[in-house]
1. All other residues with a Cβ under 15 Å from the Cβ of E201 taken together, and with Lys, Arg as +1 and Asp, Glu as -1, what is their net charge?
2. For K133, give me every one of the aspartates and glutamates with a C-alpha distance below 19 angstrom, ignoring sequence neighbours fewer than eight places off in its own chain.
3. Considering only V40, V13, V211, give the residue with the highest GNM mean-square fluctuation for the chain, with springs between Cα atoms whenever their separation is below 10 Å.
4. Build a GNM of the chain with springs between Cα atoms under 10 Å: which of K19, K70, K190 gets the top mean-square fluctuation?
5. Compute the semi-axes of the equivalent ellipsoid of the stretch 91-157, taking the square root of 5 times each eigenvalue of the Cα gyration tensor, and list them largest first in whole Å.
6. Quick one: order F242, F166, F14, F194 by neighbouring beta-carbon count within 10 Å, fewest to most.
7. Looking at the chain only, what percent of DSSP beta bridges run antiparallel? Nearest 5 please.
8. Can you give the relative contact order of the stretch 91-157 as a percent, counting alpha carbon pairs under 8 Å and 6+ residues apart?
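Just so you know, all these numbers are worked out from the coordinates, no wet-lab data involved. Being a predicted model, the structure only gives us computed values, none of them experimental. In this analysis, Cβ positions are derived from the backbone assuming ideal geometry, glycine residues included, and neighbour counts consider all displayed protein chains.
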Amino acid sequence: MTPIVEYRDLSKVFYKDNKQVHALAHVTAEVAEGELLAIVGPSGCGKSTLLNLSAGLMKPGTGEIRYRGKPLNGVNTQVSYITQRDNLLPWRTVEDNVALPLSLGDRPRLTKQERRERISHHLEVVGLTGFEKHYPGELSGGMRKRAQLARSLVYEPDMLLMDEPFGALDAQLKLVLQAELLRTWEGTGKTLMFVTHDLTEAISIADRVIVMSTRPGRIKAVERIDLPRPRDVFSIRFAPGFGDYFDRLWSALRDDIRQGQEV
Ligand code: ADP
């Protein structure tokens, strides 16, 4: 089967204050259709750059990205992108925020009834039924994340890119939202790329974990996580095998932390 995304010898250099910043170097990898791939690495190692490239928001310096077997040129409208920053529009209600992607030009036109059903279905999936008329300012941090998730699912993209979506939340809420994410994702067949600096989070949810090195980001280790699904994120860390995955991936990350980089 053709992978959904292929990265072929990608490199990316930024120019900042007349200096070169080598964000990525020689990244070659594939993302399989339907997999949940977690990417971990020290901060500044190019994880967000890899997602930006996958979304077609920027071009690689050298190398190539293929999406469904074809070179990716321009914005990738088949993917939806959730960043760490909360970008709900404060002046729109929850349902109007969630409806936003349905108004984008290249989407198939839905009738009013279909739109209403689609929005209400996705609000139900993320547990926000009853909050349709609320404004983002009236919601808790976790509810705003759920609204963002509903907004990214509403146009039924093939693939989701998530950049540390739960990074700023407290540990308990993070677990609850991981559980909800898995419940929402498992069985959909959608591809999910999830950037995090939390190794436990990565192993708990992913089919595969990629560890990236310090800048310039290279792929340092790849590990398939063969823990059974459906997974219970609250107890999976105590499952047999979890500790071995953690030890192996941690040893790949550890050297970079010794160099003084924050993970
Ligand atoms: P990560 O997500 O792993 O923290 P990023 O991909 O955000 O890393 O950034 C990798 C490096 O590239 C960092 O040093 C960052 O400052 C730099 N960088 C990212 N985007 C830009 C940009 N648009 N212009 C200049 N430098 C950038």
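1. So the environment of E201 carries a net charge of -2.
2. Those aspartates and glutamates meeting the cut-off are D86, E95, D96, E114, E117, E124.
3. Per the Cα network of the chain with a 10 Å cutoff, V13 tops the list.
4. K19
5. Working from the Cα gyration tensor, I get semi-axes of 20, 11, 11 Å.
6. F14, F242, F166, F194
7. About 55 percent, rounded to the nearest 5.
8. 53 percent
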